[in-house]
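The values are calculated or read from the model by the stated rules, or taken from the named source; none is laboratory data. Being a predicted model, the structure only gives us computed values, none of them experimental. Ideal geometry is used to build each Cβ from the backbone, glycine not excepted, and the neighbour counts take in all protein chains shown.
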Amino acid sequence: MTTVVVVKCPEGLVLAADSRMTVSEKSAGRPIEHPPSDTLLKILSFKPPHNFVGAASYGVAQINQKSAHDYLPEFEHSLDKKRISVNDFADKLREFFSNKWSESSEPTCSPDSLNSMNFLVAGFDEKDDNGRVFEIKISRNIKIADKGQLLKESKKDIVLRGNLIFASRLWLGYSENLLKLLSDKITSDCVKELSAALPNLGITIHFSDDLEDAVLLAKLLIGTEIEAQALTERSELRIEATTGGPIRICTITPEQGLKWVL
């Protein structure tokens, strides 16, 4: 599994991800677990003129034993020679990986994935300083790819995706599963009231408009997830740490495009 973060601030966008890949496959109907790898590059960067867009993958790690990053040269070859909008870029990425999945046999799947290959696509349109963020979900079973825009109106906000056992609690102040657990116990009206009240009870991490602070925030959230999972794995619970390895971080600005930080 993966922990992926996109931070949006007035100076630009930050994409961050861990580098662990946990893989399982079936042989003679039995699951086979492979040791985790900490070398997977989950953030995709692109050559000019498409260097004002980046994408972070999470969920299913491979199609035909190739990661999203392994398909990067083929995908770039399919792109237009001129710069396109972030929306159109996200559409092309969705179409490319939907086709790859449709052409493939059953893909290798990480144990904790939601049976879909997902992407957060972030970047800037030409002559526009409002960062765009899109989420793509390509379903494993029904071969349908969905796309939605995130953070439309926000000038400063964050998107967390993937394995968020600890990072979501740090950011929200409570577990994302709380409302799901309570939905069977209380009325729908109570769930709505609680949902409206929870943001006021959560722990808010305030950060400045600077891109540097956005980088620190992304690093804090993923680093906390990695370290907390590692502690849990070494405890008596022995729960597998599915987020780990080096943290990779890049920034995207309307002036300079994508630049690697870590």
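Just a few scattered comments:
- Tyr174 satisfies every condition listed in (1) out of contact with any Gly (no Cβ under 7 Å at 6 or more places or on another chain); (2) surrounded by 12 or more Cβ atoms within 10 Å (Cβ to Cβ); (3) more than 21 Å from Gly244 (Cβ to Cβ) except (1).
Quick grid of which residues meet (1) outside any strand (DSSP E or B); (2) under 30 Å from Phe89 (Cα atoms):
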residue: Asp146; (1), (2): no, yes
residue: Leu194; (1), (2): yes, no
residue: Glu212; (1), (2): yes, yes
residue: Leu217; (1), (2): yes, yes
residue: Thr232; (1), (2): yes, no
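- Of the residues making up the stretch 224-234, those that are more than 10 Å from Ile165 (Cβ to Cβ), modelled with pLDDT of 90 or more and either surrounded by fewer than 16 Cβ atoms within 10 Å (Cβ to Cβ) or of a type in the set (Asp, Glu) (or both) are Glu227, Ala230, Leu231, Glu233.
- Residues of the stretch 62-88 satisfying the condition of being assigned to a loop (DSSP other than H, G, I, E, B), closer than 21 Å to Glu126 by Cα and of a type in the set (S, T, N, Q): Ser85
- Qualifying residue in the stretch 29-44 (condition: modelled with pLDDT of 95 or more, farther than 27 Å from Ala230 by Cβ and in contact with a Phe, Trp or Tyr (Cβ under 9 Å, 6 or more places away or on another chain)): no
- The residue that is surrounded by the fewest Cβ atoms within 10 Å (Cβ to Cβ), counting only those in the stretch 47-64 that are out of contact with any Asp or Glu (no Cβ under 9 Å at 6 or more places or on another chain) and polar (S, T, N, Q), is Asn51.
- The single condition among (1) surrounded by fewer than 18 Cβ atoms within 10 Å (Cβ to Cβ); (2) part of a strand (DSSP E or B) that Lys127 does not satisfy is (2).
- Within this structure, Ala214 fails the test of being crowded, with 17+ Cβ neighbours inside 10 Å, within 17 Å of Gly162 (Cα to Cα) and not charged (D, E, K, R).
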